[in-house]
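Data first, discussion second: the structure below is written as structure tokens.
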Amino acid sequence: MNLMQLRYFVRTAELLNYSRAAEELLVARQSLRQSIAALEEEIGRPLFTNTRNHLALTEYGAYLALAGKDVLTRWDEMEAGLGRLIRRASGLKLGFSATLEPFILPNTDVLLRAFRARFPDVQLTVLRMNNDEVIEAVSAGELDAGFVLQLACERPGCRMDVLREFELALDHADPALFGGRRRVGLADLRDVDCLGMGSLALTMPPLWEDCRREGIAFPYRVVADTLDAFYQMRHSRTVGFDILKTDVPEFSWDHTTVLEGYRWQVGLLSATKGADAHLIELFFRFMKQEYESAWARYERQYAAAGTGFDEK
């Protein structure tokens with residue numbers, strides 16, 4: 001079976017008329033009949049019945065018509081996408097949360113240069129923004145996609161391709177905080193001074209919604225700069241919302257508490273409408289492979305220090 005045979009068959013199955021199908025396909029009626037006959041011979045089953053010049057699909061023909069139409073649709077989409085690439089008309093407008101660099105997503109600039117070298121016809125526009133800004137821009141369709149940190153959740157009009165997941169850690173410098181417990185619940189945050197790398201409503205919507213429902217309030221501020229956040233947590237009683245754990249020894253914590261019930265996602269948030277889904281998938285697969293290699297190098301480098309990503 002080849003693509004031309006499939007295209008001839010599907011159109012004939014839609015019209016149930018050899019003459020009209022041949023006319024639309026710009027092929028001789030006899031050639032069309034021969035193509036379908038060869039297809040039936042290859043399959044070993046009839047695709048049509050013809051009773052008193054009334055053409056109908058057999059069960060095999062009905063199945064092939066449905067499946068074949070889907071194949072042809074995807075093939076045509078692939079050809080169109082490839083044509084855009086060849087004409088240098090394809091591009092992606094991407095956001096990167098500055099919060100993720102360099103400790104969660106290392107060597108991003110190097111990886112972007114590698115992608116451009118591998119796929120020179122894909123036009124990338126890359127913007128560094130804070131975590132909330134990337135989420136807002138993708139949700140509004142102003143960006144095609146962006147790498148973000150968020151608590152696992154569904155966002156209307158968006159898709160999240162996950163690189164890694166981590167438990168939500170509460171980092172702090174006070175051994176007496178939370179009574180020295182290693183795992184706490186949401187109610188334990190009441191009145192605790194907290195900071196994070198994005199707003200509760202945008203970056204952590206599940207936690208935000210649970211707090212509102214349970215009437216739990218605590219002082220919270222956004223500190224988008226990672227180093228500033230580390231400094232504030234180390235030199236005060238402020239609790240930082242972090243992943244479990246950072247893989248950088250100099251920023252490892254003696255006092256880390258897990259907030260049960262919440263998991264971080266690090267990945268590529270993309271718009272489900274307007275953007276080229278195949279191009280986004282191409283970009284994500286490339287970056288995922290490269291990031292995994294970078295993480296492996298980091299984990300080997302710091303293995304002697306007993307640090308690394310604690311993930312599931």
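The values are calculated or read from the model by the stated rules, or taken from the named source; none is laboratory data. Keep in mind it's a predicted model, so treat the numbers as computed, not measured. Here Cβ is always computed from backbone atoms with ideal geometry, including for glycine, and neighbour counts include all displayed protein chains. Side chains included, ligands, DNA and RNA excluded: accessible areas come from the protein's heavy atoms. Shrake-Rupley method; radii C 1.70, N 1.55, O 1.52, S 1.80 Å.
Is it fair to say PHE241 is without any contact (Cβ under 8 Å) to a residue 40 or more places away in the chain, among the aromatic types (Phe, Trp, Tyr) and either assigned to a helix (DSSP H, G or I) or within 18 Å of ILE104 (Cβ to Cβ) (or both)? So that I can check it myself, show each step before the final result.
Values: without any contact (Cβ under 8 Å) to a residue 40 or more places away in the chain: no; among the aromatic types (Phe, Trp, Tyr): yes; either assigned to a helix (DSSP H, G or I) or within 18 Å of ILE104 (Cβ to Cβ) (or both): yes.
Considered against the rule, which asks whether it is without any contact (Cβ under 8 Å) to a residue 40 or more places away in the chain, among the aromatic types (Phe, Trp, Tyr) and either assigned to a helix (DSSP H, G or I) or within 18 Å of ILE104 (Cβ to Cβ) (or both), PHE241 comes out as no.
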Residue within the range 270-287 that is at pLDDT 70 or above, open to solvent by 10 Å² or more (accessible area, probe 1.4 Å), among the polar types (S, T, N, Q) and not in a loop (DSSP other than H, G, I, E, B) present: no
Cross-chain or 6+ apart pairs with Cβ under 9 Å, the range 17-40 first and under 20 Å from ARG52 (Cβ atoms) and in contact (Cβ under 8 Å) with a residue 60 or more places away in the chain, then in a helix (DSSP H, G or I) and open to solvent by 30 Å² or more (accessible area, probe 1.4 Å): none
Filtered residues of the range 183-202 (kept if open to solvent by less than 40 Å² (accessible area, probe 1.4 Å), assigned to a strand (DSSP E or B), out of contact with any Gly (no Cβ under 6 Å at 6 or more places or on another chain) and farther than 24 Å from GLU154 by Cβ): VAL184, CYS194
Filter result (open to solvent by 60 Å² or more (accessible area, probe 1.4 Å) and within 27 Å of VAL223 (Cβ to Cβ)) within the range 94-124: PRO102, ASN107, ASP109, VAL110
Qualifying residue in the range 214-226 (condition: aliphatic (A, V, I, L, M), more than 22 Å from VAL266 (Cβ to Cβ) and either modelled with pLDDT of 90 or more or not in a loop (DSSP other than H, G, I, E, B) (or both)): yes
Enumeration of residues in the range 131-151 that are in a helix (DSSP H, G or I) and open to solvent by 10 Å² or more (accessible area, probe 1.4 Å): ASP132, GLU133, GLU136, SER139
Any pair with Cβ under 9 angstrom, 6 or more apart, that starts in the range 161-184 at a residue that is more than 30 Å from GLU281 (Cβ to Cβ) and modelled with pLDDT of 90 or more and ends at one that is open to solvent by less than 20 Å² (accessible area, probe 1.4 Å) and of a type in the set (A, V, I, L, M): ARG183/VAL258; ARG183/LEU259; VAL184/LEU170; VAL184/VAL258; VAL184/LEU259
Residue that is most open to solvent (accessible area, probe 1.4 Å), among those in the range 8-32 that are part of a helix (DSSP H, G or I) and among the polar types (S, T, N, Q): GLN30
Selection count where residues are among the charged types (D, E, K, R), in a loop (DSSP other than H, G, I, E, B) and at pLDDT 90 or above, scope the range 40-62: 1
Matching option when the condition is open to solvent by 30 Å² or more (accessible area, probe 1.4 Å), at pLDDT 90 or above and not charged (D, E, K, R), among ALA65, ALA80, ALA37: ALA37
